[in-house]
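Enquirer: For reference, the structure I am asking about is given below.
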Amino acid sequence: MQKNERNNKKMELVTKKPRGTEDKLPKEIYKWHTVEKIARNVAEAYGCKEIRTPTFEHTELFQRGVGGTTDVVQKEMYTFNDKKGRSITLKPEGTAGAVRAVIENGLLNDALPLKTYYFTRCFRYEAPQSGRLREFNQVGIEYFGTASPAADAEVIALANDIIKSLGVKNISIEINSIGCPKCRAEYHKALKEYYSQYKDQLCGTCLERLDRNPMRLLDCKSEICSSFKKDAPMILDYLCDDCREHFENVKKRLDVLGVSYTVNPLIVRGLDYYTNTVFEFISNEIGSQGAVCAGGRYNGLVEEIGGNSVPGLGFAMGLERIIMVMENQKLEFEPEKKCDLYIASFDDETSIYAMELVQKLREEGFWAECDISGRSFKAQMKYANKIGATYCMVIGGDEMNTKSAKLKRMSDGTETPVTLDDKFCEKLNTMILEIV
Ligand code: ATP
Ligand code: MG
C-alpha cells in the first residue's frame, strides 16, 4: 500500500463510524423521544420501575446467563481484556445484567413480584444489514418472583400495549411453550433422533447444537437446516401436565385481555435460559429482520446467576426495528419542539438586556434564544428563521428604555405590541397557545 493510501485509510478510522453502528442525529431524535416516552409511560402504568446497569459486565455473567451454546455467546460478543487482564464484555442483551443487579443489591428480598424496565444499548458482532446492527437499542422488561401464568399474560399484554400506544399496526404475536427441564429432556431425545438422519447435511453449528442443545436447531437461519424443521417433533407434544396447564392458562388470559396471538411451536428463542412461555412480536413490513420484540419466562436464570430459586420473565423490544416499522407506516411521532421566541439585539448593551430576558423566559419553561455569536442584526434574523422560531422580538435602545416591544409572528409577520413587565410570560404563553 502506498503511503498516501495508508494515510487515507488511517484517516477513515478517525472520520467514519464503525460498521454496524448508527448516529442518531438531532433532526430525528424526536422519534426516539416519542418511543422512549410512550414505552416508559406504559411500563410505569404496569408498576415497573426503571433499572440502569453497567454497559459492560464480567464475561462470565453472559457465559452463564445467556448460555454457552447460544450464537450470542459463541459468535457475537464484544469481549476484551481490561488493563488488569480481566475479561470484560459489552452487554449483548439486557436480562443478564438486570438479573445480576437485582441479586447483588438484594432487591429480591423486598416485595415480590419485582417489576423492572430499562433502556439499554446492546452490542453484538453480527453481519450488519437493515434492522441488524452491531450497536442497537432495546427497551426491556423483567419481572421477578412470580411463577403464575397471570404474569406471563401480563408481560405479553404490556409489550402489546407499548406497540398499540405507538400506533403500530400489523404486528403478529407468536407464542409457544418450551416447557421445563423435565419435559424438555424427552423432547431433546426426540429431536436428536429426528435430526440424526440429516447429520451429513446439517451446518457445522447445527452439528454442534445436535449434541449440546438440540432445540437450537429449530432456530438455525441456514436454508438447508431450516428446511428440516417442518417435520421435526414439536415441543408442545412433550409438555408435562404442569407446563401444559400453565400454557393453557396463559392463552386463556390473553383471550380475555383481547390480545390476539398464534401458537407457533417453532419458536424456541436464541437464549438458553427460557422455560415455559416464549413469544415474539413480528412485523412483515421491514424485511427479514422482522422480530421487533421477543421474550419469555426464565425460571432457572436467577439461580443460575447465583441467587435463590426465584422465577422470572420478561422481554426486549428492538427500538431501531420498531422505529423502522413506524416510519414505514407513516405514523405520527410527537412533533419536534419549536423555539418559542428569538430576541434580536443591536449592540452590546441591548444584547445583554436580551440575554437577561431570555434567561427569565427559560426559567419559566420557554424555549427562548438570543444572539451568542456576535452576529449582525440581519444575520440574527436569518438564524431565527432557520431554527423556525415561532415569534421574534427586536430589542433596540428604545425598546430597552420603554420596556415595550413588538412580538412578530414569524409565520405571517403579524406584529403585536407587548410590555416587558411581570405579565410578559403570561402574554407570550397565551400567544403561543393561540397558534397551536
Ligand atoms: P434475531 O432473530 O433477529 O437475531 P434475536 O433473537 O437475536 O433476534 P433477542 O436477543 O431476542 O433477538 O433481542 C430482542 C430484540 O432486539 C429483537 O427482537 C430485535 O428487535 C432486537 N435485536 C436483536 N438483535 C438486533 C440487532 N443486531 N440489531 C438491531 N436489533 C436487534
Ligand atoms: Mg440474533
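Enquirer: Can you give me the number of residues within region 301-359 that are without any contact (Cβ under 8 Å) to a residue 24 or more places away in the chain and assigned to a loop (DSSP other than H, G, I, E, B)?
Expert: Of the residues in that region, 3 qualify.
Enquirer: For region 119-137, give me each residue that is of a type outside the set (D, E, K, R), more than 16 Å from Ile322 (Cα to Cα) and surrounded by 20 or more Cβ atoms within 10 Å (Cβ to Cβ).
Expert: Correct list: Phe123 only.
Enquirer: Taking region 260-289 on its own, how many of its residues are away from ligand 1 (no atom under 13 Å from the Cβ) and aromatic (Phe, Trp, Tyr)? So that I can check it myself, show each step before the final result.
Expert: If we filter region 260-289 for residues that are away from ligand 1 (no atom under 13 Å from the Cβ), which is where we start, we get 260-265, 275-277, 284-285.
Going one step further and asking which of them are aromatic (Phe, Trp, Tyr), we end up with 261.
Here the count works out to 1.
Enquirer: State whether the residues of region 92-102 include one that is more than 18 Å from Gly300 (Cα to Cα) and open to solvent by less than 60 Å² (accessible area, probe 1.4 Å).
Expert: yes
Enquirer: Taking the condition farther than 30 Å from Pro54 by Cβ, in the same structural domain as Gln289 (by TED's automatic domain parsing) and within 19 Å of the chain's Cα centre (by Cα), does Lys115 pass? Full working, then the answer.
Expert: Numbers: farther than 30 Å from Pro54 by Cβ: no; in the same structural domain as Gln289 (by TED's automatic domain parsing): yes; within 19 Å of the chain's Cα centre (by Cα): yes.
Considered against the rule, which asks whether it is farther than 30 Å from Pro54 by Cβ, in the same structural domain as Gln289 (by TED's automatic domain parsing) and within 19 Å of the chain's Cα centre (by Cα), Lys115 comes out as no.
Enquirer: Please enumerate the residues belonging to region 1-54 that are touching a strand residue (DSSP E or B) at 6+ places or on another chain (Cβ under 9 Å) and open to solvent by 80 Å² or more (accessible area, probe 1.4 Å).
Expert: Once the filter is applied, which keeps residues that are touching a strand residue (DSSP E or B) at 6+ places or on another chain (Cβ under 9 Å) and open to solvent by 80 Å² or more (accessible area, probe 1.4 Å), region 1-54 yields Pro18, Glu22, Glu44, Lys49, Arg52.
Enquirer: Are there any pairs, at least 6 apart or on different chains, whose C-beta atoms fall under 6 Å, with the first in region 220-243 and in contact (Cβ under 8 Å) with a residue 40 or more places away in the chain and the second open to solvent by 70 Å² or more (accessible area, probe 1.4 Å) and away from ligand 1 (no atom under 16 Å from the Cβ), and if so, which?
Expert: Tyr238/Glu186; Cys240/Lys182
Enquirer: I would also like to ask the following. For residues in region 202-224 being within 16 Å of Ser288 (Cβ to Cβ) and surrounded by 14 or more Cβ atoms within 10 Å (Cβ to Cβ), which is nearest to ligand 2 (Cβ to nearest atom)? Walk me through it before giving the result.
Expert: Of the residues in region 202-224, the ones within 16 Å of Ser288 (Cβ to Cβ) are 219-223.
Then keep just the ones that are surrounded by 14 or more Cβ atoms within 10 Å (Cβ to Cβ); that gives 219-220.
Working: Asp219: 9, Cys220: 12 Å.
In this case the residue turns out to be Asp219.
Enquirer: If you check Gly140 against the conditions, is it surrounded by 23 or more Cβ atoms within 10 Å (Cβ to Cβ), within 16 Å of ligand 2 (Cβ to nearest atom), modelled with pLDDT of 95 or more and under 14 Å from the mean Cα position of the chain (by Cα)? Spell out how you get there, then give the answer.
Expert: Values: surrounded by 23 or more Cβ atoms within 10 Å (Cβ to Cβ): yes; within 16 Å of ligand 2 (Cβ to nearest atom): yes; modelled with pLDDT of 95 or more: yes; under 14 Å from the mean Cα position of the chain (by Cα): yes.
Considered against the rule, which asks whether it is surrounded by 23 or more Cβ atoms within 10 Å (Cβ to Cβ), within 16 Å of ligand 2 (Cβ to nearest atom), modelled with pLDDT of 95 or more and under 14 Å from the mean Cα position of the chain (by Cα), Gly140 comes out as yes.
Enquirer: Still on this structure, I have one more. Within region 136-154, identify whether any single residue is within 9 Å of ligand 1 (Cβ to nearest atom), assigned by TED's automatic domain parsing to the domain that holds Thr59 and touching an Asp or Glu at 6+ places or on another chain (Cβ under 6 Å), and answer yes or no. Spell out the reasoning first.
Expert: Our first condition is that a residue be within 9 Å of ligand 1 (Cβ to nearest atom); within region 136-154, this holds for 136-138, 140.
Remaining after also requiring assigned by TED's automatic domain parsing to the domain that holds Thr59: 136-138, 140.
This time we only want the ones that are touching an Asp or Glu at 6+ places or on another chain (Cβ under 6 Å), so: 136.
Within region 136-154 (the criterion being within 9 Å of ligand 1 (Cβ to nearest atom), assigned by TED's automatic domain parsing to the domain that holds Thr59 and touching an Asp or Glu at 6+ places or on another chain (Cβ under 6 Å)), the answer is yes, since at least one residue qualifies.
Enquirer: Can you tell which of Ile343, Ile372, Ile395, Ile322 is open to solvent by 30 Å² or more (accessible area, probe 1.4 Å) and at pLDDT 95 or above?
Expert: Ile372 is the lone residue from the list that is open to solvent by 30 Å² or more (accessible area, probe 1.4 Å) and at pLDDT 95 or above.
Quick grid of which residues meet (1) closer than 29 Å to Arg124 by Cα; (2) at pLDDT 95 or above; (3) among the aliphatic types (A, V, I, L, M):
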{"site": "His246", "(1), (2), (3)": "no, yes, no"}
{"site": "Lys251", "(1), (2), (3)": "no, yes, no"}
{"site": "Leu266", "(1), (2), (3)": "yes, no, yes"}
{"site": "Asp272", "(1), (2), (3)": "yes, no, no"}
{"site": "Phe279", "(1), (2), (3)": "yes, yes, no"}
{"site": "Ile282", "(1), (2), (3)": "yes, yes, yes"}
{"site": "Ala294", "(1), (2), (3)": "yes, yes, yes"}
{"site": "Tyr298", "(1), (2), (3)": "yes, yes, no"}
{"site": "Leu313", "(1), (2), (3)": "yes, yes, yes"}
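Enquirer: Would you mention how many residues in region 58-81 are within 22 Å of Gly306 (Cβ to Cβ) and away from ligand 1 (no atom under 16 Å from the Cβ)? Walk me through how you get there before you give the answer.
Expert: Step one: list which residues in region 58-81 are within 22 Å of Gly306 (Cβ to Cβ), which gives 58-70, 72-73, 77, 79.
Subsequent filtering for residues that are away from ligand 1 (no atom under 16 Å from the Cβ) retains 58-60, 64, 79.
Number of matching residues: 5.
Enquirer: Evaluate region 290-297: report whether one residue or more is open to solvent by less than 20 Å² (accessible area, probe 1.4 Å), in the same structural domain as Ile103 (by TED's automatic domain parsing), outside any strand (DSSP E or B) and within 13 Å of ligand 2 (Cβ to nearest atom). Write out each step before concluding.
Expert: Kept after step one, since they are open to solvent by less than 20 Å² (accessible area, probe 1.4 Å), are these residues of region 290-297: 290, 292-297.
Now restrict to residues that are in the same structural domain as Ile103 (by TED's automatic domain parsing): 290, 292-297.
Imposing the further condition that a residue be outside any strand (DSSP E or B) reduces the set to 290.
Among the residues that remain, those that are also within 13 Å of ligand 2 (Cβ to nearest atom) are: 290.
Yes, some residue in region 290-297 is open to solvent by less than 20 Å² (accessible area, probe 1.4 Å), in the same structural domain as Ile103 (by TED's automatic domain parsing), outside any strand (DSSP E or B) and within 13 Å of ligand 2 (Cβ to nearest atom).
Enquirer: Quick check, is Asn176 within 14 Å of ligand 1 (Cβ to nearest atom), open to solvent by less than 20 Å² (accessible area, probe 1.4 Å) and outside any helix (DSSP H, G or I)? Quick ask: steps written out before the conclusion?
Expert: On the way: within 14 Å of ligand 1 (Cβ to nearest atom): yes; open to solvent by less than 20 Å² (accessible area, probe 1.4 Å): yes; outside any helix (DSSP H, G or I): yes.
Answer is yes for this residue.
Enquirer: Would you confirm, using the coordinates I've provided, whether Glu104 is at pLDDT 95 or above and within 16 Å of ligand 1 (Cβ to nearest atom)?
Expert: On the way: at pLDDT 95 or above: yes; within 16 Å of ligand 1 (Cβ to nearest atom): no.
So Glu104 does not fit the description; no.
The values are calculated or read from the model by the stated rules, or taken from the named source; none is laboratory data. In this text the structure is predicted, and so the values were computed from the model without any measurement. Here Cβ is always computed from backbone atoms with ideal geometry, including for glycine, and neighbour counts include all displayed protein chains. Just so you know, the surface numbers come from the protein's heavy atoms only, side chains and all, with ligands and any DNA or RNA stripped out. Shrake-Rupley method; radii C 1.70, N 1.55, O 1.52, S 1.80 Å.
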